[in-house]
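Asks: The structure's right below; bear with me while I get my questions together.
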Amino acid sequence: MKHLLDVSSKRIPADMVIKNAKIIDVFNLAIIHGDIAIANGMIVGIGEYEGKEMINANGRYIAPSFIDGHVHIESSMVTPKEFAKVVLPHGVTTVITDPHEIANVSGTNGIQFMLDNSEGLDLDVFVNLPSSVPATSFENAGATLHNVHLEPFYKHPRVLGLAEVMDFPAVKTADQHMLEKIEAAKKHRNHMDGHCSGFDEDGINIYRAAGIKTDHESISSNEIQMRISRGMYVMIREGTTAKNLEALIHMVTPANARRFLFCTDDKHVDELLYEGSIDHHIRLAVKHGMDSLQAIQLATLNAAECFSLSTKGAIAPGYEADFLFIDDLDTLTISEVYKGGKLIAKDGVYVGDETKSNDESSVSQKLRKTVNLPPISTDDLQISMEQSTKANVIEVIPNQVTTKKITEEVLTENGLFIPSVEKDLAKIAVIERHHQTGNIGLGIVKGLGLLDGAIASTVAHDSHNLLTAGTNDADMLKAMEAVEEMNGGLVVVKDEKVIGKLELAISGLMSDNPYETVIKEMESLNTALSKVTNQKTAHTFITLAFLSLPVIPSLKLTYQGLFDVDTMQFINIPV
């Protein structure tokens with residue numbers, strides 16, 4: 001502190017001084033001028049300063065670095081160490097992650113792996129503890145986590161609170177296990193994220209009464225209004241499948257703007273690399289009419305204050321020297337990224353120290369071989385229509401994780417459902433993969449775009465059982481077999497041959513390869529997808545992954561069967 005005050009008082013020179021910058025003032029939404037003095041990784045003054053190192057900004061803008069308010073790193077399909085190398089050049093130096101994907105497969109070992117693998121990175125990875133493992137009482141996962149399992153993690157300095165509370169019935173009925181998690185979060189950190197998909201005002205009231213602070217599931221203006229007026233922060237999401245920004249950004253006004261922030265939630269590593277992370281949100285927001293300084297405020301100060309990160313989110317004395325140089329505000333062209341006053345990315349390339357994080361190999365060994373299937377035959381995949389030709393069908397909504405519940409005339413043969421490429425009706429199956437129970441849920445999906453073959457994946461939110469969809473049983477069986485052989489991942493099959501795959505050896509969710517290798521494998525996978533689907537991108541897999549999440553409306557599939565989220569009950573396929 002004495003050193004910081006000596007520099008701020010100009011008794012001694014700063015470690016670094018930045019001159020000739022257009023400083024983005026996120027408090028006043030203005031551009032100010034002055035030297036920026038940095039000492040011990042902190043900003044200690046704006047004015048006139050001398051330093052040991054002098055940097056001439058040459059008239060560039062300088063902004064606080066960006067914060068992703070809610071992200072599942074596992075959805076990038078790379079480890080935190082590799083994830084950091086991808087998002088740091090995009091100006092994101094802080095993320096708040098929820099490791100509930102890996103926790104659903106590998107329990108506390110999964111949470112510990114994410115903490116260990118993100119230690120010492122140039123990216124600050126804060127963790128909210130998974131609140132709902134499994135997501136609901138209507139299904140089981142690879143682990144069941146109660147407060148007794150979670151509470152020890154609050155000792156970790158990067159654990160902020162409780163992650164998205166997905167189990168609404170447990171909160172509404174004051175379930176004892178959920179109450180213990182809520183009380184522990186209040187006791188230790190007092191932050192809880194929400195998951196309020198499809199909530200009416202009574203649901204929002206209940207969550208706010210519990211102290212739940214945020215939501216990232218809004219898809220309409222009415223939902224935004226309900227949340228803001230009841231004191232919530234709203235995270236505007238733009239990920240690989242869920243793209244909500246365009247529909248919601250007009251709801252941000254000068255009167256309520258401080259209650260909004262950005263998040264990616266689930267985004268593949270290739271899109272993070274080529275399209276961006278929170279920087280992409282800012283560009284989209286500006287494209288749709290938001291003032292660029294306002295958009296930067298959402299991505300910085302608002303996010304920091306939401307999570308009580310009191311030294312992040314601004315270029316001002318007392319704040320961490322996490323900042324970036326922007327050549328052009330309209331295009332948000334980022335030329336340099338600094339973390340703690342040190343250059344870590346330049347011209348879109350990570351230039352930081354790659355050796356600082358822990359090696360994951362010793363921990364990840366516990367997370368391998370997580371695909372345990374019973375013998376499966378064609379008979380196990382048959383959907384009996386019980387003399388009916390009309391079925392309850394899951395309909396995909398493009399660019400959303402919600403689905404429609406529809407009834408559809410289907411083809412049958414000997415009383416069994418037959419997939420139809422012409423009607424875009426595919427067979428879908430969820431196979432329990434953690435405990436080899438033999439439980440298989442079957443359903444019909446419309447809008448997945450399968451033209452031939454089958455696909456399979458161990459990325460199946462949130463219990464991450466084996467999920468497959470196909471136009472025929474033989475290819476579906478081959479896809480399941482291939483996924484089991486490689487201990488998890490994504491597979492494309494045509495004519496009973498594997499034509500594309502991406503191995504995800506860590507809990508069936510993440511690759512242990514460098515991100516460059518994973519992206520090449522994804523490109524090969526996309527080529528394979530182009531031969532069996534009209535989607536032609538890995539979006540098909542992330543769309544598939546959310547068809548098994550029974551906390552998001554309206555119709556989903558678990559290994560127990562077809563689940564109507566609106567009525568919270570299982571239903572039959574035949575109508």
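The values are calculated or read from the model by the stated rules, or taken from the named source; none is laboratory data. Please read all numbers here as calculations on a predicted model, not as lab measurements. Note that each Cβ is placed from the backbone with ideal geometry, even for glycine, and that neighbours are counted across all protein chains shown.
Asks: Report yes if residue 145 is hydrophobic (A, V, I, L, M, F, W, C), at pLDDT 95 or above and over 14 Å from residue 212 (Cα atoms), otherwise no.
Replies: Working: hydrophobic (A, V, I, L, M, F, W, C): yes; at pLDDT 95 or above: yes; over 14 Å from residue 212 (Cα atoms): yes.
Yes.
Asks: From the list 279, 270, which residue is under 30 Å from residue 518 (Cα atoms), touching a Gly at 6+ places or on another chain (Cβ under 7 Å) and charged (D, E, K, R)?
Replies: Details: 270 fails: touching a Gly at 6+ places or on another chain (Cβ under 7 Å).
Selected residue: 279, the only one of 279, 270 that is under 30 Å from residue 518 (Cα atoms), touching a Gly at 6+ places or on another chain (Cβ under 7 Å) and charged (D, E, K, R).
Asks: When residues of the stretch 278-301 are filtered for being buried (at least 23 other Cβ atoms within 10 Å of the Cβ), of a type in the set (S, T, N, Q) and more than 19 Å from the chain's Cα centre (by Cα), how many remain?
Replies: Residues meeting the conditions: 1.
Asks: Restricted to the stretch 224-277, and to residues that are in contact with a helix residue (DSSP H, G or I) (Cβ under 7 Å, 6 or more places away or on another chain) and small (Gly, Ala, Ser), which residue is surrounded by the most Cβ atoms within 10 Å (Cβ to Cβ)?
Replies: 277
Asks: Contact list please: Cβ distance under 6 Å, first residue in the stretch 213-234 and more than 24 Å from residue 97 (Cα to Cα), second residue assigned to a helix (DSSP H, G or I), pairs at least six apart or on different chains.
Replies: Cβ pairs passing all conditions: 221/251; 226/201; 226/204; 230/204; 230/208.
Asks: Does the stretch 382-399 hold any residues that are buried (at least 17 other Cβ atoms within 10 Å of the Cβ) and of a type outside the set (Val, Ile, Thr), and which are they?
Replies: At the first step, the residues of the stretch 382-399 found to be buried (at least 17 other Cβ atoms within 10 Å of the Cβ) are 383, 385, 391-396.
Correct list: 385, 391, 392, 395.
Asks: Look through 81, 52, 85 and report the one residue that is more than 30 Å from residue 514 (Cα to Cα) and of a type in the set (Lys, Arg). Before you say what the answer is, go through the steps one by one.
Replies: Numbers: 81 fails: more than 30 Å from residue 514 (Cα to Cα); 85 fails: more than 30 Å from residue 514 (Cα to Cα).
After ruling out the rest, the residue left standing is 52.
Asks: Right, something else. Which pairs turn up if I take residues in the stretch 519-531 that are within 21 Å of residue 83 (Cβ to Cβ) and look for partners that are surrounded by fewer than 20 Cβ atoms within 10 Å (Cβ to Cβ) and polar (S, T, N, Q) with beta carbon separation below 7 Å, at least 6 apart in sequence or on another chain?
Replies: Correct list of pairs: 526/537.
Asks: Same structure, new question: For the stretch 332-362, how many residues meet the condition of being modelled with pLDDT of 95 or more and either of a type in the set (Gly, Ala, Ser) or within 26 Å of the chain's Cα centre (by Cα) (or both)? Please lay out each step first, then the result.
Replies: As a first pass, look at the stretch 332-362 and keep what is modelled with pLDDT of 95 or more: 332-351.
Remaining after also requiring either of a type in the set (Gly, Ala, Ser) or within 26 Å of the chain's Cα centre (by Cα) (or both): 332-341, 344-351.
Of the residues in the stretch 332-362, 18 are modelled with pLDDT of 95 or more and either of a type in the set (Gly, Ala, Ser) or within 26 Å of the chain's Cα centre (by Cα) (or both).
Asks: What about residue 490, is it modelled with pLDDT of 95 or more, within 30 Å of residue 273 (Cα to Cα) and touching a Phe, Trp or Tyr at 6+ places or on another chain (Cβ under 6 Å)? If you could, list the steps in order and put the result at the bottom.
Replies: Numbers: modelled with pLDDT of 95 or more: yes; within 30 Å of residue 273 (Cα to Cα): yes; touching a Phe, Trp or Tyr at 6+ places or on another chain (Cβ under 6 Å): yes.
Criteria met by residue 490.
Asks: Among the residues of the stretch 460-506, write down those that are part of a helix (DSSP H, G or I) and of a type in the set (A, V, I, L, M, F, W, C). Can you show your working first?
Replies: Taking the stretch 460-506 as the starting set, the residues that turn out to be part of a helix (DSSP H, G or I) are 473-485.
The answer is 474, 476, 477, 479, 480, 482, 483.
Asks: Could you name every one of the strands (runs of 3 or more DSSP E) located completely within the stretch 135-238 that has at least 3 residues being over 23 Å from the mean Cα position of the chain (by Cα), aliphatic (A, V, I, L, M) and within 24 Å of residue 308 (Cα to Cα)?
Replies: Correct list: empty, since no element meets the threshold.
Asks: If you don't mind, there's one more thing I want to ask. Can you pull out the residues in the stretch 460-501 that are surrounded by fewer than 24 Cβ atoms within 10 Å (Cβ to Cβ) and within 21 Å of residue 114 (Cα to Cα)?
Replies: 487
Asks: Anything in the stretch 112-158 that is surrounded by fewer than 21 Cβ atoms within 10 Å (Cβ to Cβ) and aliphatic (A, V, I, L, M)? List them, or say none.
Replies: 115, 148
Asks: Just to be sure, is residue 40 farther than 30 Å from residue 271 by Cα, without any contact (Cβ under 8 Å) to a residue 24 or more places away in the chain, outside the structural domain of residue 128 (by TED's automatic domain parsing) and not aromatic (Phe, Trp, Tyr)?
Replies: Working: farther than 30 Å from residue 271 by Cα: yes; without any contact (Cβ under 8 Å) to a residue 24 or more places away in the chain: no; outside the structural domain of residue 128 (by TED's automatic domain parsing): yes; not aromatic (Phe, Trp, Tyr): yes.
No.
Asks: Another question about this same structure. For residue 346, which of the numbered conditions (1) buried (at least 19 other Cβ atoms within 10 Å of the Cβ); (2) farther than 15 Å from residue 66 by Cβ fails to hold?
Replies: The failed condition is (1).
Asks: Can you tell me which condition residue 533 does not meet? The list is (1) of a type in the set (Ser, Thr, Tyr); (2) within 18 Å of residue 241 (Cβ to Cβ); (3) at pLDDT 95 or above, and all the others hold.
Replies: For residue 533, the exception is condition (3).
Asks: Further question on the same structure: Scan the stretch 385-424 for residues that are under 31 Å from the mean Cα position of the chain (by Cα), β-branched (Val, Ile, Thr) and within 20 Å of residue 450 (Cβ to Cβ) and report the count.
Replies: Going through the stretch 385-424 one residue at a time, the tally reaches 7.
Asks: Could you pull out the residue among 128, 147, 140 that is of a type outside the set (D, E, K, R) and under 19 Å from residue 235 (Cα atoms)? Steps first, answer last, please.
Replies: Details: 147 fails: under 19 Å from residue 235 (Cα atoms); 140 fails: under 19 Å from residue 235 (Cα atoms).
After ruling out the rest, the residue left standing is 128.
Asks: Which strands (runs of 3 or more DSSP E) does the stretch 26-95 wholly contain that include 3 or more residues that are surrounded by fewer than 24 Cβ atoms within 10 Å (Cβ to Cβ) and in contact with an Asp or Glu (Cβ under 9 Å, 6 or more places away or on another chain)? Write out each step before concluding.
Replies: Details: elements: 30-33, 35-39, 42-47, 51-56, 61-64, 66-71.
Per the criteria, 42-47, 51-56.
Asks: Can you pull out every residue in the stretch 239-259 that is of a type in the set (Lys, Arg) and either out of contact with any strand residue (DSSP E or B) (no Cβ under 6 Å at 6 or more places or on another chain) or in a strand (DSSP E or B) (or both)?
Replies: Our first condition is that a residue be of a type in the set (Lys, Arg); within the stretch 239-259, this holds for 243, 258-259.
Across the stretch 239-259, the qualifying residues are 243, 258.
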